[in-house]
Amino acid sequence: MKKLKTIILIFTCLLIIPVMLTACGKKEELPEFSDETMFTLRIYQPWFYESLHYTLQSDGTLIVLYYDTELGRETLSDERMKKIKKIFSPEKVYKMNVGKEDERTDGTSRYIILYDSNGNEIEIGGYELKGGAGFNSYFYDLYALMEDDYTKQFSDILDECNRECTTYRDKYMNPIP
């Protein structure tokens, strides 16, 4: 009987100790996210050298950026905002396993930028990520929801510049007289 009590005591300790250690572990505290800006999507593609970035405000304003220069704005429909809000969560992005950056030098960088309540950027993503739990797929799902006929006009202009072996900056922002 004494052996049985000892075995039960040891078994109980082996079960309780891991539970206590897990319960007492420090939980990762989330920042207080911005109420104004939902996120910015940034993508850098070395073979194209230029790309558009999209910033989505909580009121549905989509800002199209060429690097840090604003090219235009539009207000997204309620239906489109519902689709975005259905998949987007700053907490989900913040906790996302983005994987490890590749050591190559000719890949694509993808970032989902979150904002804290002070407007500071929280950059999630990286260069040619490997092993992330669906980060790239999630990024492109959001990116696809940003693009429409309005934003495509800017993509078409960048494509035109690329075909002419120039950049948007050189052709439209710093034209040679």
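The values are calculated or read from the model by the stated rules, or taken from the named source; none is laboratory data. Computed from a predicted structure; not experimentally measured. Here the Cβ is made from the backbone with ideal geometry for all residues, glycine too, and neighbour counts use every protein chain on show.
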Being at pLDDT below 90 and in a strand (DSSP E or B) is the requirement here; does GLY125 meet it? yes
Test result for LEU62, at pLDDT 95 or above, under 28 Å from TYR127 (Cα atoms) and part of a strand (DSSP E or B): yes
Using the structure shown, decide if GLY72 is of a type in the set (Gly, Ala, Ser) and either modelled with pLDDT under 90 or under 21 Å from ASP35 (Cβ atoms) (or both). no
Apart from one, (1) surrounded by 15 or more Cβ atoms within 10 Å (Cβ to Cβ); (2) over 12 Å from the mean Cα position of the chain (by Cα) all hold for GLU103; the odd one out is (1)
For segment 79-117, enumerate the residues that are in a helix (DSSP H, G or I) and acidic (Asp, Glu). GLU79, GLU91
When every residue in segment 113-159 that is more than 16 Å from the chain's Cα centre (by Cα) and of a type in the set (Val, Ile, Thr) is compared, the one farthest from ILE43 (Cα to Cα) is ILE157
Yes/no for LEU71 being free of Cβ contacts under 8 Å to residues at least 40 places away in the same chain, assigned to a strand (DSSP E or B) and not β-branched (Val, Ile, Thr): no
Whichever residue in segment 101-122 is of a type in the set (S, T, N, Q), modelled with pLDDT under 90 and out of contact with any strand residue (DSSP E or B) (no Cβ under 6 Å at 6 or more places or on another chain) and, among such residues, is farthest from GLU91 (Cα to Cα): THR105
One residue from TYR111, TYR138 being hydroxyl-bearing (Ser, Thr, Tyr), buried (at least 16 other Cβ atoms within 10 Å of the Cβ) and farther than 16 Å from LEU65 by Cβ: TYR138
With respect to the numbered conditions (1) surrounded by 13 or more Cβ atoms within 10 Å (Cβ to Cβ); (2) at pLDDT 90 or above; (3) among the hydroxyl-bearing types (Ser, Thr, Tyr), which one is the sole condition not fulfilled by SER77? (1)
Those residues that are modelled with pLDDT of 90 or more and out of contact with any helix residue (DSSP H, G or I) (no Cβ under 7 Å at 6 or more places or on another chain), I need them from segment 81-100; list them, please. MET81, LYS82, LYS85, LYS86, SER89, PRO90, GLU91, LYS92, VAL93, TYR94, LYS95
Specify the residue that is modelled with the highest pLDDT; the eligible residues are those in segment 133-158 that are touching a Phe, Trp or Tyr at 6+ places or on another chain (Cβ under 9 Å) and more than 23 Å from LYS83 (Cβ to Cβ). ILE157
Examine segment 142-149 for a residue that is in a strand (DSSP E or B), on the phi < 0 side of the Ramachandran plot, touching a residue at least 40 places away in the same chain (Cβ under 8 Å) and of a type in the set (Ser, Thr, Tyr), and state whether such a residue exists. no
Sort through THR40, THR75, THR55 and tell me the only one that's β-branched (Val, Ile, Thr), in contact with a His (Cβ under 7 Å, 6 or more places away or on another chain) and closer than 28 Å to ASP159 by Cα. THR40
